[in-house]
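The values are calculated or read from the model by the stated rules, or taken from the named source; none is laboratory data. Remember, it's a predicted structure, so these values are computed and weren't measured experimentally. Every residue, glycine as well, gets a Cβ built from its backbone with ideal geometry; the counts of neighbours run over all protein chains shown. What goes into the accessible areas is simple: the full protein's heavy atoms, side chains included, and nothing from ligands, DNA or RNA. Shrake-Rupley method; radii C 1.70, N 1.55, O 1.52, S 1.80 Å.
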Amino acid sequence: MSAGTVKVVTRVNGIEYEREVEPRLLLSDFLRGHLDLTGTRVGCEHGVCGACTVQVDGLPVRSCLMFAVQVNARDVSTVESLAAPDGTLHPLQQAFRDRHALQCGYCTAGILMTMSAFLADNPTPDEAAVREALSGNLCRCTGYQHIVDAVLDVAGSPQRERPE
Amino acid sequence: MSDETLSRSGDSWLGASVTRNEDPQLLTGRALFVGDIKAADMRHAAFLRSPHAHALIERIDTSRATARPGVVAVYTAEDLGDLMRPMPMVVPPAPVEGLVFNQRTHTPLAGEKVRYVGEPVAMVVAESRYIAEDALADIEVEWAPLPVAGDLEFSAAPDAPQVHDGLAGNVAAIARQSKGDYAAARASAHTVVRRRFLYEHGMAQPMETRAIAARFDRRTDQMTVWASTQAPTSLRGGLAAVLGMGESDLRVIAPFVGGGFGVKVLMYYPEEVLIPWAARRLAGAVKWIEDRGEHFLATTQERGQIHDAEIALDADGRILGVKDDFLHDNGAYNPYGLTVPINSQCSLFGPYDVPAFDSTFTAVYTNMPIASPFRGAGRQHGVFVIERLIDIAARETGIDRVEMRRRNLLQPGDFPVNHKVIFQDFTELTYDSGDYPAVLARAAEKIGYRRFIEDEQPALRAAGRCVGIGIVNYVEGTGIGPYEGARVQVLANGRVSLATGAGTQGQGHFTSFAQLVADQLGISPREVDVTTGDTDRFQWGAGTFASRGAVVAGNAVHAAAVAVRGKALALAAAEFDCEPADVLLEDGVARHRGSNRLIPLGELAQRANPMRGAVRPGAEPGLESTQYFGPEMGTTASGAHAMIVEVDPETLMITIRDYVVVHDCGTAINPLIVAGQIHGGVAQGIGNAFFEKIVFDSHGQLLSGSLADYLLPTSLDIPRMTLDHTVTPSTLNELGIKGVGEAGAIPVAPLFAQALEDALQLPARGVDILEIPLSPNRLWELATGQA
């Protein structure tokens, strides 16, 4: 261990990693830069936009507000863990595609990691509950309607009519 | 690849709601954004920015920063050589007769003076972003603060502090446009309504901030730049010129871009010039990702205008004329010219018959960040003024506000309508087609206007609820030139490649353009590989902005696909020894009618590039074509928005009960994508109307400098919308397409003003809503007379 660095041992998407990092290294930068998992996006670095959301021990967290050292001995899941190894999309991802729930795609990973955890705890939410759960993730492109539709599709709620 | 079945719209892909080609990459995190560009030798940049809105730089000492371990270089203005000069104008001034225009563009780094908080003063290049940002604190600067021209009206005064020496009143431009005789109209009017309006539009705040990476290879003297830009082809041409390079030595790639909304267009942003410059200077690779906090100051924004406007009407409520004199906050420099205030001026007509018009704007330099287009690009301001004037006039004359609008609409038989004023594309503002009465009637019907006004609202009011309704119209000039281009090529494996210079920031170009190609070549949109925004693949074009992608690039794509279709039919006919009319292109093959002989498209492409024999003079090898489309002028989309809103009388928080959009964008390539554009535009309009307020103090200091202060709307703030549409095809392009990218954002503010005034019954208290943005606090002040 060189001066000023700390050892981190963490399991990310089921794979164990051991790295030397500066204590001040953000979890978002650790995932994107050190582990080459660039699917997690960085939007604000002050915890508001939610683009950087990953799951730590199953709970959605802002990776921009955590240090890499804080996931020592913990489990991290990023958007790269959702699709199957052969590329088959996770049902939530497929619903996003079917409903045009993404445009530029920059907020999408954070929303997928927030919503997959939400649906695990709340399998049959209504629209109000979905909007509440989604309210910590900003999207500047979609206006949220198609995202809500996609989540409700996966939750098995009645099909919404497509506008027009 | 999934085994999904895509469905067409009848026989064609045009008009089909095809799910997007680009989604699997974006959904799985594989998509490449500039921030993902990596290399072992990549260096990272950070910028020292002025904390003062107006100050002289007396001394900069970078020695401690340079000495910090891990710092590669620190640059200030004196290191830039001949790059230290005013950057070119991106958009020259519109040819308005009698225009006063005082061009002042920025230098890549500030020299002796800074003119806005955030103006870059020094650039640090280091081995990591963390070290680069550490080094910023090592740089010592001695400042001599100067008086600040902050507030817009204050800055316009003749004795205000001068942002640029010698420009009294900080005049960036004065432009007067008129038609008819407004003075005569006013003199003969039955009613004249005059008000002062304050309209502020906000910041684009795309989820991905700006970003640029550059690599210079000293062995080949060639540069590659990855930029989060809406205009990769323009950026390449501009950068080459500024850096003294030939374009063929410079490749600009816009990979996936996380939203643009106007502010990622070529500005000659300092960082976009300096990162490539540094890469060349260091003969290596340098990268910069904008902090969100930086974005609030370093990226352009729209801001405010102050309008003194009046409308003159006859006894039947018919508009005789409109006059509007306004101030426009330009910011400290004006590289983007007059696009925003010209659009504001031209939006005063709306869908109405306005016989006389007189409008003068003064664009004013202020010690604030540069103002340049943000989705709507100044149209919001003009639409607010005309829609509010009509609402107030309706009230004063006792004419219902929907009826007054109806009486003044241009009729379907009136087109084309030339308003005789200069638009942002330098042509006379001309509306090509539309059916404004149908749009307004449908919006009123879908929101249930009559029923609400006559039955629901009175009943709810009697129960103590504050509910209101609004309906507004807009017209949007879209699809302006100069041109875009596209190259279509059938590949040996039967897939088809499409390359265009227009970039993409989420509009679905990888899909909608593929649909146009698929229609011509008898394949599925899934078989078209689209490249946007790589100047090595396609080097000509202007960019994606101003609601022009589908119109201009789309028609170029169509033309190229039609040309390739012609070549494929001709070649297949020669192979089958028949007429081209006897050949079908379907399911990826060329098929001879009757005999059913077939040649797969890929094989046909191979036969088009023979190894022996002769290619006739004038013929071209391959099944490939490059075509361009340059519209003679913009094509006019239109629509109406309607809303029912409830206001909590104690908290002044709002709940949108119903939101209707009726829009007309002519031919829609992909209705699902169009719906997404409308939803997103309305969301930004709602943000502008009620949530997003840029707050600078009188010293030019930004007070709303984080997302906790500048509120972007969430899923709890944006309602479910009902969309409907009419179709009046554009007369200016073969496919009849009109743009739709900005439409949703344009009329939301006057809609809010109208509906909230109604909900709180403000006119009865003698209060008009004359400003945007609003908020619960502001509504309380207006409603209780504290304003």
* Structure fact -> Rounded to the nearest whole number, the Stokes-Einstein translational diffusion coefficient of the range A:1-111 at 25 °C and 0.890 mPa s (Kirkwood radius, C-alpha pairs) in µm²/s is 168
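Based on the mean of other beta carbon atoms within 10 Å per residue, what is the order of B:563-570, B:191-198, B:734-741, B:648-655, most packed first? Could the numbers behind the result be given before it?
Numbers: B:563-570: 19.6, B:191-198: 16.5, B:734-741: 25.2, B:648-655: 13.9.
So the order, starting with the most tightly packed, is B:734-741, B:563-570, B:191-198, B:648-655.
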* Peptides B:662-668, B:609-615: what's the order by average Cβ count within 10 Å, highest mean first? -> B:662-668, B:609-615
* **With DNA, RNA and ligands ignored, accessible area of B:I392 (1.4 Å probe; Å², nearest 10)** => 0
* To do: Summarise the partner chain shielding of B:706-715 as one whole number: the mean count of Cβ atoms from other chains within 10 Å of each residue's Cβ.
  => 6
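Only helices at least 20 Å long along their own axis, judged from Cα atoms, and with Kyte-Doolittle mean hydropathy of -0.5 or greater: name those in chain B from DSSP H. Mind showing how you got there, number by number?
Details: long enough: B:379-397 (27 Å, 0.02); B:554-576 (32 Å, 0.94); B:671-686 (22 Å, 0.99).
Counting only whole DSSP H runs, the qualifying helices are B:379-397, B:554-576, B:671-686.
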* At a 1.4 Å probe, which residues in the range B:205-231 are at least 40 Å² less accessible with all protein chains present than in their chain isolated? -> B:M207
* Structure fact -> Rounded to whole angstrom, the alpha-carbon centroid of the range B:226-293 lies from that of the range B:501-525 at a distance of 26
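Using +1 on the beta carbon of Lys and Arg, -1 on that of Asp and Glu, and nothing else charged, what's the dipole of the range B:702-780 about the Cα centre, debye to 20?
Working: 4 positive and 9 negative charges, 18 e Å.
Roughly 80 debye for the range B:702-780.
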* Could you state the orientation-averaged shadow area of the convex hull built on the Cα atoms of the range B:687-784, in nm² to one decimal? => 10.2
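Please state the relative contact order of chain B as a whole percent: Cα pairs under 8 Å, 6+ residues apart? Don't skip to the end; give the middle numbers.
Numbers: 1943 pairs, mean separation 119.7, N = 787.
Rounded, it is 15 percent for chain B.
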* Structure fact -> The FRET efficiency for B:M653 and B:Y628, from their Cβ-Cβ distance with R0 = 51 Å and rounded to 0.05, is 0.50
* To do: Per residue of A:94-101, count partner chain C-beta atoms within 10 Å of its C-beta, then hand back the mean as an integer.
  => 5
* Given labels modelled 7 Å from the Cα in the Cβ direction, how far is it in nm from B:R195 to B:S706? -> 3.6
* Asked: Which whole-Hz ³J(HN,Hα) couplings does the range B:153-160 yield from phi under the Karplus relation 6.51 cos²θ - 1.76 cosθ + 1.60, θ = phi - 60°, glycine and proline marked x?
  -> 5, 4, 5, 7, 5, x, 9, 5
* Structure fact -> Between the modelled labels at B:S248 and B:A39 (7 Å from Cα along Cα→Cβ) the distance in nm is 2.3
* Structure fact -> P(r) of the range B:333-430 over all Cα-Cα pairs, 5 Å bins starting at 0, rounded to whole percent, reads 2, 11, 20, 21, 18, 13, 8, 5, 2, 0
* Provide the FRET efficiency to the nearest 0.05 for the B:S9-B:M89 pair, computing r from the beta carbons and using R0 = 45 Å. => 0.55
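Could you work out how much longer the chain between B:R450 and B:D308 gets when fully extended? Use 0.36 nm per residue separation minus the Cα distance between them, nm to one decimal.
Values: separation 142, 0.36 × 142 = 51.12 nm, distance 3.26 nm.
Value of the extension gain: 47.9 nm.
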* To do: Could you work out the relative contact order of the range B:235-356, using alpha carbon pairs under 8 angstrom and six or more residues apart, expressed as a whole percent?
  => 17
* **Translational D in µm²/s for the range B:489-622 (Stokes-Einstein at 37 °C, 0.692 mPa s, Kirkwood Rh from C-alpha pairs)** => 210
* Tell me, what are the semi-axes, in whole angstrom and largest first, of the equivalent ellipsoid of chain B as set by the roots of 5 times the Cα gyration tensor eigenvalues? -> 43, 38, 23
* Taking the Cα centre of the range B:645-745 as origin, work out the dipole magnitude from +1 charges on Lys and Arg Cβ and -1 charges on Asp and Glu Cβ, in debye rounded to 20. => 260
* **Segment B:R407-B:R616, length gained on full extension (0.36 nm per residue, minus Cα span)** => 68.9 nm
* Lysine pairs within the protein assembly as shown, Cα separation less than 19 Å, 8 or more sequence positions apart or different chains -> 5
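Can you list the trypsin sites (Lys or Arg not before Pro) in the range B:436-508 that are in a DSSP coil and have 16 or fewer other beta carbons within 10 angstrom? Don't skip to the end; give the middle numbers.
Numbers: sites: B:R442, B:K446, B:R450, B:R451, B:R461, B:R465, B:R487, B:R495; in loops: B:R465, B:R495.
Listed in order of number, the matching sites are B:R465.
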* Can you give the helix-only mean residue ellipticity at 222 nm for chain B, where every DSSP H stretch with n ≥ 4 adds -39500 (n - 2.57) and the sum goes over all residues, rounded to the nearest 500 deg cm²/dmol? -> -7500 deg cm²/dmol
* In the protein assembly as shown, with Lys and Arg counted as +1 and Asp and Glu as -1 at Cβ, which of these residues, A:V48, B:S547, B:V286, has the Cα nearest the positive end of the dipole, that is, farthest along it? -> B:V286
* Structure fact -> In whole percents, the bins of 5 Å from zero upward hold the Cα-Cα pairs of the range B:47-162 as 2, 11, 17, 17, 17, 14, 9, 6, 4, 2, 1, 0
* Ignoring any ligand, DNA or RNA, what whole percent of the accessible area of the protein assembly as shown comes from carbon and sulfur when the probe is 1.4 angstrom? -> 50
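Need one number: the % of Cα-Cα pairs in the range B:218-300 sitting beyond the 20 Å mark.
Details: 988 of 3403 pairs.
Counting pairs separated by more than 20 Å, the tail of P(r) holds 29 percent.
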* Report the dimensions of the protein assembly as shown along its three principal axes from the alpha-carbon atoms, largest first, rounded to Å. => 82, 80, 61
* Structure fact -> For the protein assembly as shown, the per residue accessible area (1.4 Å probe, Å²) is 35
* Asked: Considering every residue in B:248-260, what mean count of other chain Cβ atoms within 10 Å of its Cβ is obtained?
  -> 2
* What list of ³J(HN,Hα) values in whole Hz, one per residue of the range B:6-11 in order, does the Karplus curve 6.51 cos²θ - 1.76 cosθ + 1.60 (θ = phi - 60°) give from phi, with Gly and Pro shown as x? -> 7, 10, 8, 9, x, 8
* Structure fact -> Amide H neighbours of B:E476 at under 5 Å, excluding residues fewer than 5 places away on the same chain, with H built from the backbone geometry, are B:A637, B:S638
* If B:Y628, B:Y130 are ordered by their accessible area, calculated over protein heavy atoms with a 1.4 Å probe, which sequence runs from highest to lowest? -> B:Y628, B:Y130
* Whole-Hz ³J(HN,Hα) from phi, Karplus 6.51 cos²θ - 1.76 cosθ + 1.60, for the range B:51-62, glycine and proline x -> x, 10, 6, 7, 6, 8, 9, 8, 7, 10, 10, 9
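Taking the Cα centre of the protein assembly as shown as the origin, how large is its charge dipole in debye, to the nearest 20, when only Lys and Arg (+1) and Asp and Glu (-1) carry charge on their Cβ atoms?
In debye, rounded to 20, the protein assembly as shown gives about 920.
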